[in-house]
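Read-outs throughout are calculated quantities, based only on the coordinates presented, and are distinct from any laboratory measurement. For clarity, every value in this text was computed on a predicted model and none was experimentally measured. Here the Cβ positions follow ideal geometry from the backbone for every residue, glycine too, while neighbour counts run over all protein chains shown.
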Amino acid sequence: MSLQIPYIGTVKSRFAEPANPGIMREEQSVIEIFEDYADGLFKIELSDYLEVYFHFDKAASYDLQTYTYTGDYKGVFATRSPRRPSQIGSTLVKLIERRGNTLVVQGLDALDGTPVLDIKPMHIPLTEEEVAGAEIHSRKNNPRKQVFSDIWANRTDRLMLDAARMHGHFCPGLALGVMMATRAMQLMRSNSDGLEDLLAITETNNCITDGIQYVTGCSFGNNGLIFKDIGKTAFTLARRDGKGYRIASRADAIEYMRQASPLFSESYQKVVAENDRSEEVVVKFKVTGIEKAFATLALDFDKLFTVEEVTVKIPAYAPVHESIVCDKCGEPVMASRIIHQNESNLCMPCAGHRTAELIGHGISIETNPNSAKE
């Protein structure tokens, strides 16, 4: 049995070749409906959102299992890949305007000249309860869905707004971390589900690392973040096979940023370098920090950073250790950190062992391991 579906119109878009779908959905497109079907648009302007069905007429042959744009490997029916048996695509779009038999829409990720098969009005939840319920359901299934969307669309301003929730304030360092991580994620076309298949290797523990953690999803808590105490504004994003990209600050990047925003440099010197925490100085630092951070996002990426394709050594997956109770303090401790001393199982502080700690200066050795017990 065969099914014949007529073309009812065609897409007019500035994208003639495949591009980042996140960026495509940010742009407006035009759908021109053929005259024979124009009457079918009657009252369509009463709908805010439309489901547009179209023909992937330029798509290559399909595979039943394929890689998604973000690097996931799935069955084709679990993806929105254009390479599929039916060659039918669908996208939810916002109706901006109707001009006779022409529709101006936003959100359409179809190429210029794509044949349109059908258009249907789409119900969008309107009540607060429906919106909240849809958001909770979406975040349960993919907690980083919005982050991925912002990455592919290069919405670094939105990414920095959210990264600042963790970092606590806005500053150029956070902006640099967001920019570096966004570019690396776009190059890798991968995502992070917190299961150590994507690893971020940072060479500093300053502000940029918070931007890197938020955008990549690689953190100390999910063992996806590796810290090398080198002191460079640089980081590498790699997959489990060790292949990835290293992004590093250029030698003249600081001067380039200083010329772009000289006022922040003065505030930074007083608050951070000289530890002047007087209220007036700190307020000025925060205000100029906001301006400088968002101004940094607009700077030329290639004047700030170098990008290098690399292959790095990746550690094995983090092991799971049983917990052993310290015979002295009574607290459970990872078995790998237990010290066997005088036939007792002791935690490192109780055994008097010096421990390594990550502080603002980098990795250091604690001088008085028993201070917390005394």
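When the helices of the chain are scored as -39500 (n - 2.57) per DSSP H run of n ≥ 4 and the total is divided over every residue, the value at 222 nm lands at -8500 deg cm²/dmol. Once the chain is represented by equal point scatterers at the alpha-carbon sites, with solvent omitted, what log10 I(q)/I(0) does the Debye formula produce at q = 0.12 Å⁻¹? Each listed q maps to, in turn, -1.08. Taking only the alpha carbons of the range 323-365, we obtain Rg and Dmax values of 11.7, 37 Å in that order. In terms of other Cβ atoms within 10 Å, Leu299, Leu237, Leu161 run from fewest to most in the order Leu161, Leu299, Leu237. Ranking Cys329, Met348, Gly75 by how far each Cα lies toward the positive end of the dipole of the chain (charges on Cβ) leaves Met348 at the top. Taking all Cα pairs closer than 8 Å and separated by 6 or more residues, the relative contact order of the chain comes to 13 percent. Pairs from the table (Lys228/Lys313; Lys140/Lys292; Lys232/Lys292; Lys145/Lys286) lying more than 24 angstrom apart at Cα are Lys140/Lys292; Lys145/Lys286. Comparing mean-square fluctuations of Pro82, Pro349, Pro172 from a GNM of the chain with C-alpha springs under 10 Å, the top value falls on Pro349. Rounded to the nearest 20, the Cβ-based charge dipole of the chain about its Cα centre (Lys and Arg +1, Asp and Glu -1) stands at 540 debye. The antiparallel fraction among DSSP beta bridges confined to the chain stands at about 95%. Exposed loop sites here are chymotrypsin sites (Phe, Trp or Tyr not before Pro) assigned a DSSP state other than H, G, I, E or B and surrounded by at most 12 other beta carbons within 10 Å; excluding them, the longest clear run of the chain is 43-219. Calculation over all alpha carbon pairs of the range 9-121 in 5 angstrom steps from 0 returns a P(r) of 2, 12, 22, 24, 18, 12, 6, 3, 1 percent. The mean sequence separation of alpha-carbon pairs under 8 Å and at least six residues apart, normalised by the residue count of the range 323-365, gives a relative contact order of 26 percent. The relative contact order of the range 9-121, computed from alpha carbon pairs under 8 Å that lie at least 6 residues apart in sequence, is 44 percent. Ordered by the count of other Cβ atoms within 10 Å of each Cβ, fewest first, Lys74, Lys292 give Lys74, Lys292. When each of Cys329, Cys171, Cys218, Cys350 is scored by the number of other beta-carbon atoms lying within 10 Å, the sequence from fewest to most is Cys329, Cys350, Cys218, Cys171.
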